[in-house]
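Worksheet: the structure to be examined is printed underneath.
Nothing in this text is a laboratory measurement; each read-out follows from the coordinates by a stated rule. Worth saying up front: this structure is predicted, and the values here are computed from it rather than measured. So basically every Cβ, Gly included, is an ideal-geometry build from the backbone, and we count neighbours across all protein chains shown.
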């Protein structure tokens, strides 16, 4: 056996990794729900709903990138896009 002592666990790195995973899970879950709403707009809406679906899908990509980049600051940018997509889905379908 080696006489060397194994280094202690880096708890700060562990906490950062955990917070990043939780943030990614929150952003990803809301993004998937938003994609489902966009699919509903594509399937059951007319021309206006299809246009709104594509616009909301592009807005989702931007909001998800911002949400992952800012980390866990207390708010989730794709949630605003999800609410807007839901309102548009109710109004156009």
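With Cα extents along the principal axes in Å in mind, check (1) 30, 30, 23; (2) 72, 26, 16; (3) 38, 29, 23 and report the label derived from this structure. Only one listed value fits the structure, namely (2). Here the simple spin-label model places points 7 Å from the Cα toward Cβ, and for residue 80 and residue 43 these points are separated by 2.9 nm. The relative contact order of the chain, computed from alpha carbon pairs under 8 Å that lie at least 6 residues apart in sequence, is 37 percent. The stretch between residue 29 and residue 93, if pulled fully straight at 0.36 nm per residue, gains 20.7 nm over its current Cα-Cα span.
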